[in-house]
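> A single structure is presented below for examination.
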Ligand SMILES: NC(=O)c1ccc[n+]([C@@H]2O[C@H](COP(=O)([O-])OP(=O)(O)OC[C@H]3O[C@@H](n4cnc5c(N)ncnc54)[C@H](O)[C@@H]3O)[C@@H](O)[C@H]2O)c1
């Protein structure tokens, strides 16, 4: 297979490239990434010599760059996006441009040669669930995005579905819950918390901290995408989530404090993010029907993730002013 991975220098994209080359060593991957603040070639250092991985610095919003990158490609896995909700609250334009216009450009170019297109999206497109309920998102849940990031991702999902209906483009979509693991830019909750604590700084917790997330280890997400590429039904969406271990942000940070041997004086409540989604929870039974389920336990892999940041200080110190 000749894969084009967009956003392959980011958190999940780089983990996906490592995963794919480990499991499909004969396949060829072209990594197409603009290298925004979130893109980092250090994430791919240990495969620099791998002849089956090549890197193109390019922008998904640029049709000429995309067209040229798509020569001889069988399948696209589209990760490239602006991804930080906080940033979307004060710079909406770049989210609309990259996530909506960029996805449209990619679809337009893919449609010319009917290239298999997998779109990596988020469960945040479904909006927010009540704090203490048993409700879960599934593939039939209506979209109700509540911030500029999730709105732009929802619009990109609609475009992907449109290209399937109107242009017969062979697409699939995945809507995944929050990921954790190595190589995550230290602005998101977990790497921010870990890197703050390693610098003897407190962890900021938005509002009351009772925001529930359905955490998934990044490798489980990569394997889910592999399963969808191999067995998914063209035109379908798939919800991906964690191992029935929904935790709120406070509980998550308590776990990190415990791993690092710190007491509860090491976090502080700060002013909440506006329109903060209360709870996400994913029903992944459709993925189970394809033979996938999450394998990595939160407690074990959270500890391994903290260890990774402890052992890779030189990776994250460069990214922090
Ligand atoms: N992080 C999560 O928990 C999570 C959960 C579900 C879905 N997702 C989705 O997965 C994808 C990857 O998320 P992530 O957390 O790895 O993001 P990230 O912010 O770590 O990486 C994004 C990558 O996209 C690249 N990029 C940005 N604009 C680009 C452009 N115009 N052209 C080419 N490349 C560009 C960046 O340089 C970076 O390498 C996103 O589409 C996101 O919506 C993320």
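The values are calculated or read from the model by the stated rules, or taken from the named source; none is laboratory data. Computed from a prediction, not measured in an experiment: that's the story for all the values here. Counting neighbours? That spans all protein chains shown, and the Cβs are built from the backbone with ideal geometry, glycine included.
> Which count do you get for residues in region 22-42 that are within 11 Å of the ligand (Cβ to nearest atom) and either assigned to a strand (DSSP E or B) or buried (at least 24 other Cβ atoms within 10 Å of the Cβ) (or both)?
Here the count works out to 3.
> Determine whether region 14-21 contains at least one residue that is in a loop (DSSP other than H, G, I, E, B) and either within 14 Å of the ligand (Cβ to nearest atom) or surrounded by fewer than 23 Cβ atoms within 10 Å (Cβ to Cβ) (or both).
No; the residues of region 14-21 include none that is in a loop (DSSP other than H, G, I, E, B) and either within 14 Å of the ligand (Cβ to nearest atom) or surrounded by fewer than 23 Cβ atoms within 10 Å (Cβ to Cβ) (or both).
> Let me ask you something else. Of (1) over 17 Å from residue 176 (Cβ atoms); (2) under 19 Å from the mean Cα position of the chain (by Cα); (3) not in a loop (DSSP other than H, G, I, E, B), residue 222 satisfies all except one. Which?
Status for residue 222: all satisfied but (1).
> Which of the helices (runs of 4 or more DSSP H) contained wholly in region 281-321 include at least 1 residues that are touching a helix residue (DSSP H, G or I) at 6+ places or on another chain (Cβ under 9 Å) and surrounded by fewer than 17 Cβ atoms within 10 Å (Cβ to Cβ)?
Here the list reads 298-311, 313-317.
> Still on this structure, I have one more. What is the residue count in region 179-203 for residues that are surrounded by fewer than 19 Cβ atoms within 10 Å (Cβ to Cβ), in contact with a strand residue (DSSP E or B) (Cβ under 8 Å, 6 or more places away or on another chain) and not in a loop (DSSP other than H, G, I, E, B)?
2
> Which of the numbered conditions does residue 152 fail, given that it passes all the others? Conditions: (1) surrounded by fewer than 23 Cβ atoms within 10 Å (Cβ to Cβ); (2) near the ligand (Cβ under 10 Å from one of its atoms); (3) in a helix (DSSP H, G or I).
For residue 152, the failing item is (1).
> Would you mind telling me which numbered condition in (1) within 11 Å of the ligand (Cβ to nearest atom); (2) modelled with pLDDT under 95 residue 134 fails?
Going through the list (1) within 11 Å of the ligand (Cβ to nearest atom); (2) modelled with pLDDT under 95, residue 134 breaks only (1).
> Regarding region 124-131, can at least one residue be identified that is under 26 Å from residue 222 (Cβ atoms), more than 16 Å from the ligand (Cβ to nearest atom) and in a loop (DSSP other than H, G, I, E, B)?
no
> In region 67-100, which residue that is part of a helix (DSSP H, G or I) and within 9 Å of the ligand (Cβ to nearest atom) is surrounded by the most Cβ atoms within 10 Å (Cβ to Cβ)?
Here the answer is 99.
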